[in-house]
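Notes follow once the structure below has been shown.
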Amino acid sequence: MSFINGKKSPRQTILIADDSEMNRSILTDMLGDEYEIMEAENGVEAVSILQKYGNAISLLLLDIVMPEMDGFGVLNVMNKHRWIEDIPVIVISAETASTHVERAYELGVTEFISRPFDALILHRRVVNTILLYAKQKKLIDLVTDQIYEKEQQSGLMVDILSHIVEFRNGESGQHVLHIRTLTELLLKHLGHIDSKYQFPRSEISLICTASALHDIGKIAIPGEVLNKPGRLTDEEFEIMKKHTLIGAEMLKALPMHQEEPLVKKAYEICRWHHERYDGRGYPDGLKGEEIPVSAQVVALADVYDALTSERVYKKAFTHDVAIQMILEGKCGQFNPMLMECLREIESVLQEELQGDSDVRTSMRQMQNVAEELLHHEELSASERTLQLLEHERMKYRFYADMSEEIQFEYTVAPSMVTLSAYGARKLGLDEILMDPHNNEKVQEMMGTGTLRAISNELRGTTPEHPQVKYDHEVCINGEKRWMRTIGRAMWSADEPPRYMGAIGKTTDIHDERTRIDALVQMASHDSMTGLFNHNYAKERIRERLQNRPNGKFALAIFDLDHFKSANDNYGHMFGDKVLIHMAERLRRSIRGGDIAARVGGDEFLIFLEYKEEAETAIQRIFTSLEGTFEDFQISVSMGVVRTDMVGIDYDELFHAADQALYAVKRSGRGKYRFYDDSMYGMLSVISPIDGSEEKPADQTGERGML
Amino acid sequence: MTLKECYTALEGDYEEVITRLRSEKMVQKFVLKFLNDKSHELLVTSMETKNYEEAFRAAHTIKGVCQNLSFTRLYESSHILTENLRTGYGDETDGLVQRVEKDYQQTIAAIKELQAENPS
C-alpha cells in the first residue's frame, strides 16, 4: 500500500464501526468521495474486519456504545494484537464523560471527537490523521534508506582509500577485492571445520570490509622502497615492515570512531597481518592464538594473492604453485587449522576469484547493509518486531493447522475465544467468538454445564500449577463425541494474581475412549443379558456397603423355576431368549441406584437400598418379574437378606440370601423369603456344599454363562 | 414545507446543523432517512421485553443521531432517558420513555410533512 501523494496512490480504506446505520451513512457521505469505506455495525464485526484486512485499513472511526462488543473492547483487542501501532483510531462518541475520553486516549486512540461533530473539522482530522501516519511510515523508510546510504558511503570511502594504497604500490586494482573475497571464503569455511571459529555473519562481513585497509600504512612508506624492483636490503625491509605499525597508528589516531567495530577490526588487521603462527612474523612477534583470527586470515589471503599476482619484483605464480608454496611453509607458518581450510577450499578459490565481478561485490555490500540494518534495531524496531510477530503467527497457524487439534485462547476482558483455523473449521465456528459463555452455538455444542465447568477448573488453578485436563462431550454436526481439553490458565503477574484467561487445546478422544469403554463394558458385564456380571456387581456392592455402613440395604438372589424344562422343551436358544427377557424385566423393575446382575445360569441378584420396609420394594420387584414369555410361564424363587440381619460383609449377605433361596425351593418355589435364623446351616443353591444330590432338579449348572 | 420549516416544527436547530454539516442537501437527505432509523423501534421493543441494557443502547443511538442532526427537542429527552437507563431501570424510566415517544412522534410528523412535499 502506498501512503504517499494521496491522489495517485490507490484509495485508502476507512473502517467505520457504529451501530447506527444513520451515523455510518452520514460519515460515508462525508468521506466516501475520497476514501474506500468499510462498515461494521458492532465491535465484533469491526475486530473481524481488522483481523482480515490488517494494515490495508488506514483508519478506524470508532463508536463507543455498541452491542456485542463496545468500542473499548475493540481497542483492547487492537492493543492486544498491537494493531493499534499501525492503524490510527478516531473515536466519535456522544459519551463525553472525561473518564471515557481519558480511557480512550490511554488505549491509544489518536483523536476523540464528540457528537455533534462539525463536518469540516471531522473531515480535516481524518485527512490529517491518515497523513500523519503515512508520514511516519515514510520517515521510517527514509531513515532506513539513510542507513543504507551511510553503509554504501563508508564502503565507498574504504574502497577509495585502499585504491590509493594500491595505486602507490603499483598493484592491480583487484588486490583489495581479492583479499576481501579470499578472507570471506576462508572465514566461512573455517566455521565449518571448527565451531571455535564460527563467527556470526555480521562479524565476517565486518572483517571483510576491514580487510581492505590492511596495507593502509603503506601510504607512509617512501615510493622508492615500496616500488623497488628486486630484493630489498635489510634496511629497506625494516622500513617496509613499518607499514603495519603505521597503519595501526593511523587508525588509532582517528579523532573519532574509536569504538566503531570496523575501526577496531581494521586496527587488528593492519598491525598483525604479517605475524606468523610460529612467532617469526612482525612487528610484535605474536605467536599462535595471540594473533587475532582476523589478522591470521587476512595474512593468508594477502600471501596467496601476492604469490599469484605480478609485482615489480616478481612474476605471477600459478594457483597450484602458490598453494604448494604456502603449504610447504615457504611464506611462513600459518595456523594448521587455516592450512586445512585452504586445502579444502583450494579447488573453488580460483573460480571464485575469477568470477569476482562487480556484481558479486555489490551483492556482498547488500549483505553488509542488511547486517548493518539489523544493528540499528531502534530505528525500525516496531517494523521488525511486527515482522517477527507476523512470522511467529504464521508459524503458529501452520503448526496449529497441521496438528489437527482444536487450539484456543480465551481472554476474560473482553470475554473472547480465538480458535485456531483448524479448530474453527472442525467446529463450524468463527475464529473469534465473543462472550462464549452466552454464545448459543457454543452452548449447543458443549452443553450448558461443560464450558462453565472448564472455566471453573481453570479459575481454580494457581500460577504455579495452571494446567487442567477435562474430558467432556462435544456435539459436532449432531454427533456427540468425547473430547479432552487441556488448558493452561493465564495469571497476571500482580499480587494477588488475576485470572486473565487461558490457552489450550481440545483433542478428539472419542475412538480411544469408545475402545476403553467397550473393554470396561466387556470386563464388567454379562455378554448375553447386558447386566453386570457377578464379580463386578460384588465390587460395586462392597463399595456401597463400605461407604455407608449404616445404610439400610437388602440383597436378593432369585432363579427361574422350571427353567430346565424350558430348555428341554423348547431348546437352548429359547432358554437364552428367556434369560434375556428376564434381564429386561429386571432392569425395568429396579430403580436407578439399585444394582442388578446375572450371577450365572438362571440366577440373578438384586441389591437395593430401602427407606422404611425392605419388603415393599422386594414385593414390588417380585411381582413385576412374574408373567409369561411366549408360552413359558415365568415364576421365580427368591431369597432375601437385609444388612440389619447379618451385617455388611458381602459374603455373609450372599450366603444368607442363598440359604433363604434354598428354603424357598424346599417349600415349593414361586415365592420370596427373607432370611431368618432357622435357615442357618441350610444348604446352598448356588454353591452346594457337599455334592449335587441336594441341588434342586431344575438347576442348569453353568450353561449359558457366556 | 421547507427544511427550515421542518426544523421549526420538530423544534430543532436549523442554523446549527447547516453550519456543522455545511450542505442543505445533505442535511435534508439524512433528515428523510431518519424515518427509516430502527433505533426507536428497538427502544420500544426492548422496553417491552425489559431488556434495559438494549434500551440504553437504543436511547443512546437516538441521542447520537439527534445530536448529529440537531434535533434539539428529541435530543434532550433522549439524552435524559439515556442517562436514566445508564444505571438501569428506575422509577422515572417509564415517564421518560413516554416523553421520548411524544417528541419522537412530533419529529416524525414534521419529517413526513417534509417528505410529502419532497418526494424522492
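Here's a check for you: in the range A:448-498, which residue that is β-branched (Val, Ile, Thr) and assigned to a strand (DSSP E or B) is modelled with the lowest pLDDT? Outline the logic, then answer.
Initial filter on the range A:448-498 (β-branched (Val, Ile, Thr)): A:448, A:450, A:454, A:461-462, A:468, A:474, A:476, A:485-486.
Add one more test, that the residue is assigned to a strand (DSSP E or B), and what stays is A:468, A:474, A:476, A:485-486.
On the way: A:VAL468: 90, A:VAL474: 89, A:ILE476: 84, A:THR485: 90, A:ILE486: 89.
Among those residues, the one meeting the criterion is A:ILE476.
For the structure I just gave you, tell me whether A:LEU213 is at negative phi, in a helix (DSSP H, G or I) and surrounded by 21 or more Cβ atoms within 10 Å (Cβ to Cβ).
It is false that A:LEU213 is at negative phi, in a helix (DSSP H, G or I) and surrounded by 21 or more Cβ atoms within 10 Å (Cβ to Cβ).
Are any residues in the range B:69-106 hydroxyl-bearing (Ser, Thr, Tyr), under 25 Å from B:GLU53 (Cβ atoms) and touching a Lys or Arg at 6+ places or on another chain (Cβ under 8 Å), and if so, which ones?
The answer is B:TYR75, B:SER77, B:SER78, B:THR82, B:TYR89.
Looking at the structure I just gave you, is A:GLY230 over 55 Å from the mean Cα position of the chain (by Cα) and either modelled with pLDDT of 80 or more or not in a loop (DSSP other than H, G, I, E, B) (or both)?
no
Give me the residue from the range A:630-688 that is among the charged types (D, E, K, R) and assigned to a helix (DSSP H, G or I) and, out of that set, farthest from A:ALA597 (Cα to Cα). Step through it out loud before you land on a result.
Taking the range A:630-688 as the starting set, the residues that turn out to be among the charged types (D, E, K, R) are A:630-631, A:642, A:644, A:649, A:651-652, A:658, A:665-666, A:669, A:671, A:673, A:676-677.
Pick out the ones that are also assigned to a helix (DSSP H, G or I) and you get A:644, A:651-652, A:658, A:665-666, A:677.
Numbers: A:ASP644: 22, A:ASP651: 16, A:GLU652: 18, A:ASP658: 15, A:LYS665: 21, A:ARG666: 24, A:ASP677: 26 Å.
Ranking the qualifying residues of the range A:630-688, first place goes to A:ASP677.
Can you pull out every residue in the range B:83-101 that is assigned to a helix (DSSP H, G or I) and acidic (Asp, Glu)? Lay out the reasoning, then the answer.
Residues of the range B:83-101 assigned to a helix (DSSP H, G or I): B:83-86, B:93-101.
Within the range B:83-101, B:GLU83, B:ASP94, B:GLU101 meet the criteria.
Only helices (runs of 4 or more DSSP H) wholly contained in the range A:1-116 count here; list those with 2 or more residues that are acidic (Asp, Glu).
A:21-31, A:98-106
I'd like the residue in the range B:26-37 that is at the interface with another protein chain (Cβ under 10 Å from one of its Cβ atoms) and more than 11 Å from the chain's Cα centre (by Cα) and, out of all such residues, is nearest to A:PRO67 (Cα to Cα).
Per the criteria, the residue is B:ASN36.
Checking B:TYR104 against (1) over 12 Å from the mean Cα position of the chain (by Cα); (2) assigned to a helix (DSSP H, G or I), which single condition isn't satisfied?
(1)
Of all residues in the range A:402-413, which are farther than 16 Å from A:LEU451 by Cβ, touching a strand residue (DSSP E or B) at 6+ places or on another chain (Cβ under 9 Å) and surrounded by fewer than 20 Cβ atoms within 10 Å (Cβ to Cβ)?
Residues satisfying the conditions are A:SER403, A:GLU404, A:GLU405, A:ALA413.
Output the residues belonging to the range B:38-47 that are surrounded by fewer than 17 Cβ atoms within 10 Å (Cβ to Cβ), more than 8 Å from chain A (Cβ to nearest Cβ) and not polar (S, T, N, Q).
Answer for the range B:38-47, where residues must be surrounded by fewer than 17 Cβ atoms within 10 Å (Cβ to Cβ), more than 8 Å from chain A (Cβ to nearest Cβ) and not polar (S, T, N, Q): B:GLU41, B:VAL44.
Any chance the range A:167-175 includes a residue that's in the same structural domain as A:VAL312 (by TED's automatic domain parsing), at pLDDT below 85, touching a helix residue (DSSP H, G or I) at 6+ places or on another chain (Cβ under 7 Å) and crowded, with 21+ Cβ neighbours inside 10 Å?
yes
Residue-by-condition table, conditions (1) within 27 Å of A:VAL225 (Cα to Cα); (2) modelled with pLDDT of 90 or more; (3) in the same structural domain as A:LEU177 (by TED's automatic domain parsing):
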{"residue": "A:HIS274", "(1), (2), (3)": "yes, yes, yes"}
{"residue": "A:VAL298", "(1), (2), (3)": "yes, yes, yes"}
{"residue": "A:ASP302", "(1), (2), (3)": "yes, yes, yes"}
{"residue": "A:TYR313", "(1), (2), (3)": "yes, no, yes"}
{"residue": "A:ILE323", "(1), (2), (3)": "no, yes, yes"}
{"residue": "A:MET337", "(1), (2), (3)": "no, yes, yes"}
{"residue": "A:ILE345", "(1), (2), (3)": "no, no, yes"}
{"residue": "A:SER362", "(1), (2), (3)": "no, no, no"}
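Under 9 Å by Cβ, and 6 or more places apart or on different chains, what pairs join a residue from the range A:13-24 that is more than 8 Å from chain B (Cβ to nearest Cβ) and free of Cβ contacts under 8 Å to residues at least 40 places away in the same chain with one that is surrounded by 23 or more Cβ atoms within 10 Å (Cβ to Cβ) and among the small types (Gly, Ala, Ser)?
A:ARG24/A:ALA17; A:ARG24/A:ALA40
In the range B:48-67, what residues are under 17 Å from B:GLN105 (Cβ atoms) and more than 8 Å from every other protein chain (Cβ to nearest Cβ)?
Across the range B:48-67, the qualifying residues are B:ALA58, B:ALA59, B:ILE62, B:CYS66.
If you take the residues of the range A:611-636 that are in contact with a strand residue (DSSP E or B) (Cβ under 9 Å, 6 or more places away or on another chain) and of a type in the set (Asp, Glu), which of them is surrounded by the most Cβ atoms within 10 Å (Cβ to Cβ)?
Result: A:GLU615.
The values are calculated or read from the model by the stated rules, or taken from the named source; none is laboratory data. Note that the coordinates shown come from a computational prediction; the quantities given were computed from them, not determined experimentally. Note that we place each Cβ from the backbone using ideal geometry, even for glycine, and neighbour counts take in every protein chain shown.
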